[in-house]
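Working notes, structure below.
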Amino acid sequence: MPIRIAPSILAADFLHLDKEIEMLNTYADIIHLDVMDGSFVPNISFGFSVLEPVSKIARIPMDAHLMIVHPEKYIERIAALGIQMISVHLEAILQQGDDPSEMLNSIRSLGCQAGLAFNPDVPVEECYPYLKDCDYVLAMSVRAGFGGQNIDPNIYSRVKTLKTEIERQGLTTPVEIDGGVTILNAPELAEAGVDIFVAGSTVFKATDPASVIAFLRGAGQVPLQEYNSAL
Ligand code: DX5
Ligand code: ZN
C-alpha cells in the first residue's frame, strides 16, 4: 500500500477553513482532526463545531484523533458525521479502567476504522495485546497536545519494532505517526515502515502545500531538490 498523507488541520487557517479543506480534498489522502479536551492533554483544540462543517465538505476520508478522556461518550456522534477513522488513546482507556479491545470493537461496530493511539513514553509492547482489534496504530512521534514540536528520535526504532510485531501476529495493520514530520525526516521514516504520515505545520506553513504533500507521499523516492521551491 502506498504511503498516505493525513494533514492535521490543527495548523490550518481557521478563518479560511473551507479553502484549506478544499486543498486537502484535491491533494491529500486523509483529513486528520485533532480533538483535545484540556484534560487528557493540556491543550484545547476543537469539537463538533468544527467536525460538523468539515465533514460536510470533506470528500476524502477523515481521521478523528481523540486526545480526550472518556472517548466512548462521543464516538457514536463522530461516526454519525461520516468520519471513517477514529483513534483513541491507550493511556486514557487504561486510566479509566476500561478494556481497550472493547473500546476498539465498539468503534468497529459503528462501521469505522478503529485506531489505537499512544504517546512516545508508552512502551510499544503495551499495544501488542490489542493489535488484532485495531485497523491502524497511531504511534505519537511527539507528546500529544501541541502542533509544531520536534520529532522524538525514538520513533524510527519504535516503528520498526511495531512493524515486526504486526507481521509476527500475521496482521497488516498500517502504522500512522503523528507530530514533527518534515520533508527532511520523512524519507527515513518511510524507510522505517511508516504507512500514514500526519503532518500539520509542515503542510500548512509551506508556500506550496500541494508539493509538500506530494513529496511526503513519495518520501525517499523523489530527490528533495525537486521540491525546494515549495518550501
Ligand atoms: C499533536 C497532534 C498532531 C499535530 C501535528 O497532539 O496530534 O496531529 O497537530 O502537528 P505537527 O505536524 O505540526 O507536529
Ligand atoms: Zn493528531
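Pairing residues of the stretch 38-49 that are over 20 Å from P120 (Cα atoms) with residues that are aromatic (F, W, Y) and not in a loop (DSSP other than H, G, I, E, B), at Cβ distances under 9 Å and at least 6 apart in sequence or on separate chains, gives F46/F14. Taken together, R158, R168 contain a single residue that is surrounded by fewer than 20 Cβ atoms within 10 Å (Cβ to Cβ) and of a type in the set (K, R), which is R168.
Within 22 Å of Y136 (Cα to Cα), more than 16 Å from ligand 2 (Cβ to nearest atom) and surrounded by 13 or more Cβ atoms within 10 Å (Cβ to Cβ): which single residue out of L33, L81 fits that description?
So the residue among L33, L81 that is within 22 Å of Y136 (Cα to Cα), more than 16 Å from ligand 2 (Cβ to nearest atom) and surrounded by 13 or more Cβ atoms within 10 Å (Cβ to Cβ) is L81.
Screening P123 against (1) surrounded by 16 or more Cβ atoms within 10 Å (Cβ to Cβ); (2) within 20 Å of V137 (Cβ to Cβ); (3) of a type outside the set (S, T, Y) leaves a single unmet condition, (1).
Could you grab me the full set of residues in the stretch 126-143 that are within 16 Å of ligand 1 (Cβ to nearest atom) and either surrounded by fewer than 24 Cβ atoms within 10 Å (Cβ to Cβ) or in a helix (DSSP H, G or I) (or both)? Scanning the stretch 126-143 gives Y136, V142, R143. Can you name every residue in the stretch 191-207 that is closer than 19 Å to H32 by Cα and either more than 15 Å from ligand 1 (Cβ to nearest atom) or modelled with pLDDT under 95 (or both)? Hit for the stretch 191-207 is D195, nothing else.
The values are calculated or read from the model by the stated rules, or taken from the named source; none is laboratory data. Computed from a predicted model, the values in this text were never measured in an experiment. FYI the Cβ positions are ideal-geometry reconstructions off the backbone, even for glycines, and counts take in every protein chain you see.
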